[in-house]
Amino acid sequence: MFTFLIPLLIGFALNSASAFTTFFSSRLGERGGRLACVILRDVLGIPVWVIGYGVAALSTSSQLFIPTTFTSIFAWLLIVFGALIIIAGMFSLRWKAAAPSVKDTLVDNGLYAYIRHPLYSGMYMELAGLLLWFPELSMLVAVLLGMLWVWLQARFEEMDLIQRLPAYAEYMQRVPRFIPKLKN
């Protein structure tokens, strides 16, 4: 029943490579560090955890509630809106989104002017949508693990970003992590 945990957790572990850009670059040089992050995160990590979510969705487990038309529509709205946030964030980051480097510069425009991690905010929305779309115990476990992983990943990345980008510490003070501030 919980076989989805194997690809999910392996994918999360591999995906976490971007949180160690400085480490990889100090050992392998700037290009080698970037390549290590791309291979571990983009080539291996993301596809493997996506497989984990697919297996969780196909698993038969206890249903949490009976989906309705409303929950299905709301699920899709969350997934689509989360994807749009991720795409907008990736456009702001450009190449940095796929291949982090010790030579990156701080991006604090676009969505990044309002939240530090729009890609992860979008992922939270998509995960909530997945749970509404597949309201089963296996998906609940996968979503909760995914949300925990996103939170940890953001923390680890911030430690790395402070090392790579001196202005990041000040940026952290003025821009919230996942949810934009309401106007005062």
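For the reader, a short list of remarks on this structure follows.
- Available extension along the chain between Thr60 and Leu144 is 28.5 nm, counting 0.36 nm per residue and deducting the alpha carbon span.
- Relative contact order of the chain, defined on C-alpha pairs under 8 angstrom at six or more residues apart (%): 29 percent
- The chain: most fluctuating residue of Ile66, Ile162, Ile51 per GNM, C-alpha cutoff 10 Å: Ile66
- Three-way shape label, the stretch 27-100, alpha-carbon gyration tensor, a/c 1.5: oblate
- Ranking of Glu30, Glu157 by count of other Cβ atoms within 10 Å, fewest first: Glu30, Glu157
- Sites Ile73 and Leu35, calculated FRET efficiency, Cβ-Cβ separation with R0 30 Å, nearest 0.05: 0.10
- Three-way shape label, the stretch 58-120, alpha-carbon gyration tensor, a/c 1.5: prolate
- Within the listed set Trp133, Trp95, Trp151, the Gaussian network model of the chain (springs between alpha-carbon atoms below 10 Å) gives the highest mean-square fluctuation for Trp95.
- For Lys183 and Tyr114, the difference between the fully extended length at 0.36 nm per residue and the C-alpha to C-alpha distance is 23.7 nm.
- The trypsin sites (Lys or Arg not before Pro) of the stretch 131-184 that DSSP puts in a loop, and whose beta carbon has at most 16 other beta carbons within 10 Å, are Arg177, Lys181, Lys183.
- For the chain, a Gaussian network of Cα nodes joined below 10 Å ranks Phe70, Phe24, Phe134 by mean-square fluctuation, and the top entry is Phe70.
Only the coordinates and a few stated rules stand behind these numbers; no lab work does. Treat the numbers as computed from the prediction; the structure is a model and nothing was measured. Glycine also receives a Cβ, built like all others from the backbone with ideal geometry; neighbour counts cover every protein chain displayed.
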